[in-house]
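Everything below concerns the one structure shown next.
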Number of protein chains: 2
Amino acid sequence: MNKPATTRDPEQTRLRIMEAATDLFVEQGFSSVTMSQLASAAGVTKSLIHHHFGSKERLWEAVKEHAFEQYFSAQMAMLEEAGEPDAGLLRASVEAYFHYLKANPKAVRLFAWTHLEGDTSCGDMDAQLMGAGAEWVRQAQQRGLLRADVNPTHIVATFVMTCTQWFEAKCHHQHWPGMGSDEAFLEDFLKIFMAGVAPRD
Amino acid sequence: MNKPATTRDPEQTRLRIMEAATDLFVEQGFSSVTMSQLASAAGVTKSLIHHHFGSKERLWEAVKEHAFEQYFSAQMAMLEEAGEPDAGLLRASVEAYFHYLKANPKAVRLFAWTHLEGDTSCGDMDAQLMGAGAEWVRQAQQRGLLRADVNPTHIVATFVMTCTQWFEAKCHHQHWPGMGSDEAFLEDFLKIFMAGVAPRD
DNA sequence: AAGCTTATTGACCGGTCGGCCAGTTAGCAT
DNA sequence: ATGCTAACTGGCCGACCGGTCAATAAGCTT
């Protein structure tokens, strides 16, 4: 049943290349990474990368696709386990999203690169996630748990974008005077956000 | 007094190179732009770019520095004309910042590139701006115009990051289902944000 | 008019880029 | 054992990279 200790293992090789490529692309972006870098980081020859992926561009696409799938399934799982709409659960969702990003800095940087590229290949998956999130908020609005005079999509977008930018621009604002830790910021943001989406008196 | 119509004008040349470089770097990032591209876009030879800027890296730094100075002085002017703390003025500041970013998409993309680079060269200017903004909020808190149980820096950061991400990731979320226009989003964000930072009952 | 400075050019450089290809070798089916 | 397929290698390629340099020419000073 268990794989024999063969000297060749194409799947394992593909995986090693993907992993090395993910690290390099996430760190430096697509164009400044070279095939030689990729090859030596993965411990294989350039030719072998071409054999498995065809070209540098297609390797980059494979890396992005894989990362998006990971992100998508993780978020979908979080959405499904969130259960019935409830004001407390919105808070929990924001916290969960924030901590997911904190635990997955590679995903954050990958998103940032794709934003700049104008890549829209993950559009379908993202639209699906956002649609589900907005629907969840809409139900909470109908039950009077959240204010109903704002677009549900905008509610989700607000917290998603704030969390995303917090980690994407970390290097930029981490030295701002008075800026707190991740947890301190999250706590303050939640105070503002939860009070902001609470039903109007 | 007026400049003669000379065939040579080094300052004008420098400017043309800077403008072409800004457009290309903003669009494609540093590493995927080539000197040949820059030269033909600016209508000069590669050698002339080296003559005026020394290297590709130093041209990139000049472009960033210039953009940061523009941004910094524009923001400082906005802060100074904001005047005395007031809840209505916070709303106006958010709107002004949002519309500044909307009117300066190049600056937005430049920030995004520098975030990914981990560039912190604009740290001092940014810290100064953020310090002034946070001080402004702190005074409003002391006067009871804003809730005082959140870090003033976090209040400023929240709206700055939301506005920034709205434009940085536009290509990403503009196709999300239910997402409104710039103005519709800004209006909803302001509803949430202003209610969120209002003094507690 | 002469001379100096410097903006500007075009030819050129070594190095490296992504990619290709012929050849080798490991695993597997028969 | 014998082929066959595909993983894998090393060497090579033309293109292009950022950068240099000697030569030219425009504008300024005197």
Subject >> Which of B:120, B:114 has the fewest Cβ neighbours within 10 Å, and the rest in rising order >> reply: B:120, B:114
Original post:
Cα convex hull of region B:64-197: mean projected area in nm², to one decimal?
Top reply: 8.3
Original post:
Looking at the P(r) of region A:94-140, how many percent of alpha-carbon pairs lie beyond 17 Å?
Top reply: 51
Original post:
On alpha-carbon atoms, Rg over Rh for region A:146-201 using Kirkwood Rh?
Top reply: 1.05
Subject >> chain A, relative contact order in percent, only Cα pairs under 8 angstrom and at least six apart counted >> reply: 20
Subject >> For residue B:175, inter-copy label distances in nm, listed shortest first [label point 7 Å out on the Cα-Cβ vector] >> reply: 3.8
Original post:
Can you give the Rg to Rh ratio of region B:22-77, both from alpha-carbon atoms, with Rh computed by the Kirkwood formula?
Top reply: 1.04
**OP:** Take the eigenvalues of the Cα gyration tensor for region A:53-117, scale each by 5, and report the square roots as semi-axes in whole Å, largest first.
**Re:** 30, 12, 8
Original post:
Shortest first and in nm to one decimal, what separations exist between residue A:51 and its copies in the other chains, measuring from label points 7 Å along the Cα-to-beta-carbon line?
Top reply: 5.1
**OP:** Set the Förster distance to 22 Å, then compute FRET efficiency between residue B:121 and residue B:14 from the Cβ-Cβ distance, nearest 0.05.
**Re:** 0.65
Subject >> Cα extents of the protein assembly as shown along the three principal axes, largest first (Å) >> reply: 88, 65, 33
**OP:** Distances from residue A:69 to the same position in the other copies: list them in nm, one decimal, shortest first, using label points 7 Å from Cα along Cα→Cβ.
**Re:** 5.0
**OP:** Would you calculate, for chain B, the mean residue ellipticity at 222 nm contributed by helices, counting each DSSP H stretch of 4 or more residues as -39,500 (n - 2.57) and dividing by all residues, to the nearest 500?
**Re:** -24000 deg cm²/dmol
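Can you compute the charge dipole magnitude of the protein assembly as shown about its Cα centre, using +1 on each Lys and Arg Cβ and -1 on each Asp and Glu Cβ, nothing else charged? Give it in debye, rounded to the nearest 20.
Values: 36 positive and 52 negative charges, 182 e Å.
In debye, rounded to 20, the protein assembly as shown gives about 880.
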Original post:
How long are the semi-axes of the ellipsoid equivalent to region B:1-54, from square roots of 5 times the Cα gyration tensor eigenvalues, in whole Å, largest first?
Top reply: 23, 12, 8
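Give me A:49, B:155 ranked fewest to most by other Cβ atoms within 10 Å of their Cβ, as a rough exposure proxy.
A:49, B:155
Read the figures in this text as sums done on the coordinates, not as results from a lab. Remember, predicted model here, so these are calculated numbers, not experimental data. Counting neighbours? That spans all protein chains shown, and the Cβs are built from the backbone with ideal geometry, glycine included.
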